[in-house]
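Here the structure is laid out as structure tokens; the discussion comes afterwards.
Throughout, read-outs are computed from the coordinates displayed, never taken from laboratory work. This is a predicted model, so every value here is computed, not measured. Virtual Cβ from ideal backbone geometry, glycine too; neighbours counted across all protein chains shown.
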Ligand code: SAM
Ligand code: SF4
């Protein structure tokens, strides 16, 4: 991976331009020009965790906590479907208690039932609700969730420990990602870029992790401090630039894993007004327009100055950047689809061998 190391450590703007051009070519060749939408519903900002970087952390008393009702979520889902969204992302703080998981299982299965009644494929559902038990991940999968985003945040044990309380471990997160894959989800992970103490070598190890875990989706973005968090109150330097290195790692990910799905994150769009255009050029092919009702948005602030763009604005920017909206399609990860096909082929081959042996 020495060429990657060189790119991560090189400050020459031409290197960056060449890298992004290459990533754009790879993305167009393997994933085309479509940008798939995941309508994002941030259904509760309650969180039982205390990550040192996030505005939703349990000990942040400066936000109003909210919880959308099942009816509110389902109504939003149906409206989104009518607008041409074929996938939703349900995201929240981490609440692994029985009541919350039961609620989510019910919401997911109702959305699936209501949107498949006319025998269409219905709304695809991505979940992003943190670390749960194997059994709960399985219940949500059986209810109809089929993609799951759980960022590893960083793969460096020391760096991970410096941004989380001791009760949250890197080992547990890896175990969750393996469980999700074992159950059959399309699995997405990702990192924050620009963390205090983060170096290009950490990013290199993160890229290696994405490849080794053979993930289907990536959602990464810059770390942006939040003033009501321990890390935001005591900012300290990073050896990596949140903007430049997010784009570099995205572009390298696209080149190393041409057939995955990759999100242009809201954080990248919040960092600079042209973040979406650059994210798409660096290889992203998924956007998550925020559908959370306006009255709750102020309270789902993970970091300072989180920006919201309307659907027409996103559409305009996507088209201006030379891409097109992938409406009425799930737009699944091609990598995942290939793996599914391979496992079907293996099953057929196994049956044939067994028959021949008889
Ligand atoms: N609670 C779930 C979890 O942690 O996986 C899902 C929601 S959580 C808000 C989604 C992601 O937000 C986290 O994985 C983290 O990378 C990102 N995030 C939180 N605080 C952030 C910050 N200050 N800057 C950038 N991203 C942040
Ligand atoms: Fe909670 Fe997720 Fe924020 Fe951590 S990153 S405090 S788990 S919402």
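If you plug the beta carbon distance of residue 316 and residue 62 into 1/(1 + (r/R0)^6) with R0 = 41 Å, you get a FRET efficiency near 0.75. Under the simplified labelling scheme, the residue 21-residue 79 pair shows an inter-label distance of 4.4 nm, with each label point 7 Å from Cα along Cα→Cβ. Treating r as the C-beta distance of residue 119 and residue 351 and R0 as 22 Å, the FRET efficiency rounds to 0.15. The reciprocal of the average 1/r between distinct C-alpha atoms defines the Kirkwood hydrodynamic radius, which for segment 167-216 equals 12.1 Å.
If I take R0 = 45 Å and measure r between the Cβ atoms of residue 70 and residue 29 in this structure, what FRET efficiency does the formula 1/(1 + (r/R0)^6) give, to the nearest 0.05? Efficiency for this residue pair is about 0.60.
Using the Kirkwood radius over C-alpha pairs as Rh, can you work out the diffusion coefficient of segment 264-319 via Stokes-Einstein at 25 °C, viscosity 0.890 mPa s, in µm² per second? Diffusion coefficient, whole number: 208 µm²/s. Taking all C-alpha pairs of segment 2-357, those more than 24 Å from each other amount to 56 percent. Taking 0.36 nm per residue of separation and subtracting the Cα-Cα distance, full extension of the segment from residue 2 to residue 340 would add 118.5 nm.
Between residue 237 and residue 167, the contour length at 0.36 nm per residue exceeds the alpha carbon distance by 22.7 nm. How much length would be gained if the chain were fully extended between residue 308 and residue 274, taking 0.36 nm per residue of separation minus their Cα-Cα distance, in nm to one decimal? Contour length minus the Cα-Cα distance gives 10.9 nm. With coordinates expressed along the principal axes, the C-alpha atoms belonging to segment 141-292 extend over 43, 38, 34 Å, beginning with the largest.
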